[in-house]
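Before any comments, here is the structure.
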Amino acid sequence: MIEVTPIDVLDNIYQALIANPTIVNKVGNRIKYYDYPETADFTKSYIIIDPLDAPLPSVSGDNVWLVEEQIIQIDVWTKSRAEKLVLGSLIREIMQSISYAQSGSGVDEYDKDLKIYRDGRRYLASHHKKGEL
């Protein structure tokens, strides 16, 4: 049997996001996995990368799973509606460049109490398991 090296999807997405100078300029080091900041911390923009499910096997051959699908939600939290739009659009372009397609429903809301905008989009991709092909 071939040894399989899992793909670190979250790090791949993180690296793609921090490679964009506009995102780094607007968000800095406030790109997190899973971890939503306390409400008092939303004075600056944040990006949260959140897997919505464990990777799901989708293609097999000779009784071996060859491809996994994964759905990720990326949330932009910001005080500026204009910045929410810019960051959301940039993230969609970056995700498309690394073979993720925007999928299903998302979130576009404004919290009046916290005075913060949220843009949450879901992305789906299929990944060949390393070592299997």
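A compact table of results
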read-out: Filtered residues of region 94-107 (kept if in contact with a Phe, Trp or Tyr (Cβ under 7 Å, 6 or more places away or on another chain) and open to solvent by less than 30 Å² (accessible area, probe 1.4 Å)); value: Met95, Tyr100
read-out: Selection count where residues are buried (at least 19 other Cβ atoms within 10 Å of the Cβ) and either more than 19 Å from Asp53 (Cα to Cα) or of a type outside the set (A, V, I, L, M, F, W, C) (or both), scope region 66-93; value: 10
read-out: Close pairs (9 angstrom Cβ cut-off, 6 or more residues apart or separate chains): under 19 Å from Asp11 (Cα atoms) in region 25-45, open to solvent by 80 Å² or more (accessible area, probe 1.4 Å) and assigned to a loop (DSSP other than H, G, I, E, B) anywhere; value: Val27/Lys44; Gly28/Lys44; Arg30/Lys44
read-out: Residues of region 109-126 that turn out to be surrounded by fewer than 17 Cβ atoms within 10 Å (Cβ to Cβ), of a type outside the set (Asp, Glu) and at pLDDT below 95, as a count; value: 5
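The values are calculated or read from the model by the stated rules, or taken from the named source; none is laboratory data. No experiment lies behind these values; they were computed from the predicted model shown. Quick reminder, even Gly has a Cβ in these numbers, built from the backbone with ideal geometry, and neighbours come from all protein chains shown. Accessible surface areas use protein heavy atoms only, side chains included; no ligands, DNA or RNA. Shrake-Rupley method; radii C 1.70, N 1.55, O 1.52, S 1.80 Å.
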